[in-house]
Amino acid sequence: MMVHFDVLARRLGQSVTALLLIGGSVLGTTPIAPAAPLENLQEIPMWPNGPPGPAQFPAPQETLERSKDPAVRDRAVLAITNPELLVYWPERPNGTALLVTPGGAYQRVVIDKEAAEIAPRFTQSGVTVFRLVYRLPGMAQATDAPLMDAQRAMRLIRANAAEWGLDSARIGILGSSAGGHLAAQLATGFDRQVYAPVDEADRLSARPDFLALGYPVITMDEAFTHAISRRELIGETPSTEVITAYSNEQHVTRNTPQTFLFHADDDADVPVTNSLVFYQALRRAGVPAEMHIFRQGGHGFSLRFAVGLPAAQWPDLMLNWMWSIKMLP
């Protein structure tokens, strides 16, 4: 493991506090790619007979446009009763697939900042990107509803890999914020049976071949967690057993996939401790990992809010890491 400090950038006020690297190199700042053309998008049906769990919900599913700028989309999906899997097809696919789980504090799923805006950066590199709009635990009245949808999405991608020109051994997941909690939960709980199998796809493994986490919620420890995500997932007064069950750092094993983490040291919403405890758990389990802690970026910087900051390098750093672990050809 190598620790790099960018002294010159620090003097300019744009430093990376620490880059904990294994097999990586610092590349140039990533420009924001244009949105994917509509003809390159396709929705994949997920549950043939509807998702498992309660059938009645207190509010209809809706997509809310939160942006006041007509040139910038910032949609959030609320009251999710029907999970959605949308695929962004690259023009020159290379066989690698990436399941994306955006954040939203388990109250909503934001589909532009942490999915639509970043997808082109990966499709331009030949990666087929799948965006998951997962059910929310409070709305679905089931704490494991998000994990059900993530497991099902991963199995569907793997089941259709040959037809879609994908390598079934190069399917990863990228999760941001609360979506990072879900991605880490899938990576550590891929073999938990949280729903009854519905078809042949459910005979396949839900284990991601690689894991990437952006400013993730990891722990349910009240001292370090994101309070809203914790409340939405496990309630106001969870037991010690429930807190442990949904604290992902407690469930890392040698079977957890290789992991890439990025976070900002000045994140006021999800403390950087979340990434640190997961990295430490990976180290204890002997799982190779790469972590980047940027001095500046706040929470939810994705690409739009990282322009001009070292944090904007994360997609290039992640692609470089994917290549170094042979997840890119």
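The values are calculated or read from the model by the stated rules, or taken from the named source; none is laboratory data. None of the values given here were measured: they were computed from a predicted structure. Heads up, the Cβs are rebuilt from the backbone with ideal geometry, glycines too, and the neighbour counts pull from every protein chain shown. Surface areas here come from the heavy atoms of the whole protein model, side chains and all, with no ligands, DNA or RNA. Shrake-Rupley method; radii C 1.70, N 1.55, O 1.52, S 1.80 Å.
Is it the case that some residue within the range 256-275 is farther than 26 Å from V129 by Cβ and aliphatic (A, V, I, L, M)? Looking through the range 256-275, at least one residue is farther than 26 Å from V129 by Cβ and aliphatic (A, V, I, L, M).
Considering only the range 26-46, I want to know if a residue exists there that is modelled with pLDDT of 50 or more, part of a loop (DSSP other than H, G, I, E, B), closer than 25 Å to I173 by Cα and of a type outside the set (A, V, I, L, M). Checking the range 26-46: at least one residue is modelled with pLDDT of 50 or more, part of a loop (DSSP other than H, G, I, E, B), closer than 25 Å to I173 by Cα and of a type outside the set (A, V, I, L, M). Counting only residues that are assigned to a loop (DSSP other than H, G, I, E, B) and aromatic (F, W, Y), the range 295-315 holds 2 of them. If you go through the range 280-292 and keep only what is open to solvent by less than 20 Å² (accessible area, probe 1.4 Å) and of a type outside the set (D, E, K, R), you end up with A281, L282, V287, A289, M291, H292. Of G235, G297, G214, all but one fail to be farther than 18 Å from I173 by Cα and within 20 Å of the chain's Cα centre (by Cα); the exception is G297. Against the test of being over 15 Å from the mean Cα position of the chain (by Cα) and either aromatic (F, W, Y) or farther than 17 Å from D149 by Cβ (or both), the options P137, P90, P51 yield a single qualifying residue, P90. Criterion applied to T259, T273 was being of a type in the set (S, T, N, Q), within 26 Å of V110 (Cα to Cα) and either touching a Phe, Trp or Tyr at 6+ places or on another chain (Cβ under 7 Å) or free of Cβ contacts under 8 Å to residues at least 12 places away in the same chain (or both), and the one residue passing it is T273. Of the strands (runs of 3 or more DSSP E) lying entirely inside the range 68-119, the ones with 3 or more residues being modelled with pLDDT of 95 or more and under 21 Å from L166 (Cβ atoms) are found at 84-88, 97-101. Applying a threshold of 9 Å to beta carbon distances and a minimum spacing of six or more residues, or different chains, the list of pairs starting in the range 187-201 at a residue that is more than 16 Å from R158 (Cβ to Cβ) and ending at one that is surrounded by fewer than 17 Cβ atoms within 10 Å (Cβ to Cβ) and modelled with pLDDT of 95 or more reads T188/Q250; T188/T253; T188/N255; Y195/D202; A196/D202.
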